[in-house]
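Engineer: Once you've had a glance at the structure underneath, I'll fire off some questions.
The values are calculated or read from the model by the stated rules, or taken from the named source; none is laboratory data. For clarity, every value in this text was computed on a predicted model and none was experimentally measured. All Cβ positions, glycine included, derive from the backbone under ideal geometry; neighbour counts span all protein chains shown.
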Amino acid sequence: MLAIESSCDETGIALVEGGRRIRADIVASQVALHAASGGIVPEVAARAHLRWIVPVLDEVRQAAGFHWRDLDAIAVTYGPGLAGSLLVGINFAKALAWVHELPLVAVNHLEGHVFAAWLLDPAEAERPEPEFPVVALVVSGGHTFLAEMTDERTYRLLGGTIDDAAGEAFDKVGRLLGLGYPGGPAIERAASTATERDAIFPRAWLGDSFDFSFSGLKTAARRVVGSARLGAGLPDDDTARLPDATTAELAWGFQAAVVDVLATKTVRAARAVGARSIVLGGGVAANGALRARLAADADGLGIPLIVPRPGLCTDNGAMIGAAGARRFLAGERAGLDLDARPSLPLAAR
Ligand code: KG4
Ligand code: ZN
């Protein structure tokens, strides 16, 4: 299956065999392009997809050397995401499907993040698939949710963010600390150098629910950073960098609060549904502190935690191939009238 992803700021195309084995996976990232504006500009993102989608396909063909007649289908992300970005991938996929007379399969981007845990790298040893019921935590720049999966196509949403996504909070606090874009990796790097670990940020538990809220954390960060600047005699302006040791401590405190809430709720969900495995996905799953905490928690529950390598946590074509293969086998086909669904929810099809 040839799989195409263009929902946000990465142009990804992959060749995936049997819904698991990656034969080629090429991603053209726009991170550097959007760094100057401190965030994604939708029009700029759509144009960059248009610029890079053909070269990315060429690279996949070079890496995997496939013939069109060997393909079973073409899978493409149709939502959620930025409308202009989605349309580039969708129209590219439609043209390829039409020209090469291949079936087209529409894939939900969020389901792709979940199925990244099923993927195997080209030379990776076989390993068993995650056992159901699965509890999946997907944390990215645009999404944060916990879902239960009872089989490959049945999802029950347990909870989601009521305001910002976890990655969005990392990005905003990263900017606040003058660490640049994207904030997630920068905060992780800064936090890893913290020698003082006294900064305490609030946790929004929202009672017993599996929902998340990160906007209070962001406000708290703004307040703490503001008073730290005042204390250091700096102007309260996001370009005024605090001393590195202070930045590191605040980054550590913020990260610890996010990780604590994400992990605690995931463990509670896993207990509540009697999960036999936990799957983690989305860009924030690249975070080492989150991975380590959840690995220890899953160990305590006696169930495996499956986390893709960081390159498969962020947006890529391979995860769309893994999710698409299952939809294809279930007989799902999209027509040439397939349209972008910018606010497509998980599970509703
Ligand atoms: O899944 P993704 O590539 O795109 C979306 O679908 O949103 O996720 C990007 C998000 C960004 O907010 C970025 O700051 C965050 O993932 N991220 C991280 C780390 N690496 C990426 N957050 C925390 N720690 C990281 N190491
Ligand atoms: Zn994503």
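Engineer: List, please: which pairs have Cβ atoms under 7 Å, are six or more places apart or on different chains, and start with a residue in the range 126-149 that is within 16 Å of ligand 2 (Cβ to nearest atom) and end with one that is basic (Lys, Arg) and assigned to a strand (DSSP E or B)?
Structural biologist: Partner pairs satisfying both residue conditions: Ala147/Arg156.
Engineer: Looking at Ala32, Ala3, Ala14 in this structure, which one is over 30 Å from Leu71 (Cβ atoms) and away from ligand 2 (no atom under 13 Å from the Cβ)?
Structural biologist: Every option except Ala32 fails the conditions.
This table checks each residue for (1) modelled with pLDDT under 95; (2) within 20 Å of Ala286 (Cα to Cα); (3) assigned to a helix (DSSP H, G or I).
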| residue | (1), (2), (3) |
| --- | --- |
| Leu146 | no, yes, no |
| Tyr155 | yes, no, no |
| Phe170 | no, yes, yes |
| Gly178 | yes, no, no |
| Asp198 | yes, no, no |
| Asp208 | yes, no, no |
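Engineer: Quick test of your reading of the structure: Asn91 fulfils all but one of (1) without any contact (Cβ under 8 Å) to a residue 40 or more places away in the chain; (2) within 12 Å of ligand 1 (Cβ to nearest atom). Name the failing condition by number.
Structural biologist: Just one mismatch for Asn91, condition (2).
Engineer: Can you name the condition, by its number, that Arg293 falls short on among (1) touching a residue at least 40 places away in the same chain (Cβ under 8 Å); (2) within 13 Å of ligand 1 (Cβ to nearest atom); (3) over 15 Å from His113 (Cα atoms)?
Structural biologist: The one condition Arg293 does not meet is (1).
Engineer: Follow-up question, since we're still on this one. For the range 254-297, give me each residue that is touching a Cys at 6+ places or on another chain (Cβ under 7 Å) and charged (D, E, K, R).
Structural biologist: None; the set is empty.
Engineer: How many residues does the range 311-326 contain that are surrounded by fewer than 24 Cβ atoms within 10 Å (Cβ to Cβ) and more than 17 Å from Ala28 (Cβ to Cβ)?
Structural biologist: Qualifying residue count, the range 311-326: 1.
Engineer: Still on this structure, please answer the following. Assuming Asp337 fulfils every condition listed in (1) on the phi < 0 side of the Ramachandran plot; (2) modelled with pLDDT under 95; (3) part of a loop (DSSP other than H, G, I, E, B); (4) not hydroxyl-bearing (Ser, Thr, Tyr) apart from one, which condition is it?
Structural biologist: (2)
Engineer: Now, a different point. Only one of these conditions is not met by Arg23: (1) out of contact with any helix residue (DSSP H, G or I) (no Cβ under 8 Å at 6 or more places or on another chain); (2) on the phi < 0 side of the Ramachandran plot; (3) not β-branched (Val, Ile, Thr). Which number is it?
Structural biologist: (1)
Engineer: How many residues are under 20 Å from Phe115 (Cβ atoms), aliphatic (A, V, I, L, M) and either assigned to a helix (DSSP H, G or I) or touching a Ser or Thr at 6+ places or on another chain (Cβ under 9 Å) (or both) when one looks only at the range 62-102?
Structural biologist: 5
Engineer: Here's a follow-up. May I ask you to list the residues in the range 252-287 that are within 16 Å of ligand 1 (Cβ to nearest atom), modelled with pLDDT of 95 or more, in a helix (DSSP H, G or I) and not aliphatic (A, V, I, L, M)?
Structural biologist: Trp252, Gly253, Phe254, Gln255, Asp260, Thr266
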